[in-house]
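Here is the structure we will look at, set down as C-alpha cells.
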Amino acid sequence: MRKDEATFTTKVKKFIKHNRHLFPQSFLFEVKIIRLNNTSFPVRELSKKEEKLLLRAKHSSVVAVNSDLDRMGTICDGYCVGGGGLIFIQNFTIPENKTFYCIDIDNFIKKRDSMKRKSMKVSHLKEIGLEYQLYTKY
C-alpha cells in the first residue's frame, strides 16, 4: 500500500468506527486516492483481484484463513465477510481535503463500463457515490 493510501486508510477506519450505522454489518472495502497532479481517478487502479473480492463480498461471501505460523500471532484463525463491497476514494490533490466518496462496487463497475474514458472525474464519483467528510459524525 502506498503511503498516501495508508494515511487515508487510517482516517477511513476512524470514520467507519464513529459512523458504523452508515454501512452494512459486514463488508469489504478498498481505499483509493486521486494522486497528486491528476484530475481524475484511473479506473485501472482497481485491480481485477480487488474487484473480484469486492463483488464476492457483496453478492455472496469471502472466507479467509489466517496462518498460525505468523511470528506476530493472529487475532483469529479466520473470518467470513459478506454483505457489501465498497470503494472509498479521496481527491488527494487538494491539501487537507476532508471530502471522500463511498462507492458501491456494482455502481463503480456499471459507470466504468458505460464510459469511453479510462478515468473518472470527481463529478462521476459524486454521481455514483455518497459524499462524506472525514472527522464528521453522521
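Assorted remarks:
- Cβ charges +1 (Lys, Arg) and -1 (Asp, Glu), total dipole of region 41-138, debye: 560 debye
- For the chain, with +1 on Lys and Arg beta carbons and -1 on Asp and Glu, the positive-most of Thr39, Cys102, Phe92 along the dipole: Thr39
- Long-range HN-HN contacts of Ile33 with modeled amide H, under 5 Å: Gln90
- Shape category assigned to region 60-114 from the gyration tensor of Cα positions, a/c cut at 1.5: oblate
- Alpha-carbon centroids, region 34-106 and region 113-128: separation in whole Å: 18 Å
- Gain in span if fully extended, Ser119 to Glu50, counting 0.36 nm per residue against the direct Cα distance: 23.1 nm
- With both residues required to sit in the chain, DSSP beta bridges show an antiparallel share near 70%.
- Label assignment, semi-axes √(5λ) of the Cα gyration tensor in Å derived from the structure, set (1) 30, 21, 14; (2) 25, 18, 16; (3) 46, 13, 12: (2)
- In this structure, the pairs whose alpha-carbon distance is over 31 Å, taken from Lys13/Lys116; Lys17/Lys118; Lys58/Lys121; Lys48/Lys137; Lys17/Lys48, are Lys13/Lys116; Lys17/Lys118; Lys48/Lys137.
- What the Cα convex hull of region 1-49 gives, in volume per residue, is 108 Å³.
- For Thr74 and Thr9, the difference between the fully extended length at 0.36 nm per residue and the C-alpha to C-alpha distance is 21.4 nm.
Computed from the coordinates by the stated procedures, all read-outs in this text should not be read as laboratory data. Everything quoted here is computed from the prediction, not taken from an experiment. Positions of Cβ are backbone-derived with ideal geometry, glycine not excepted, and every protein chain shown enters the neighbour counts.
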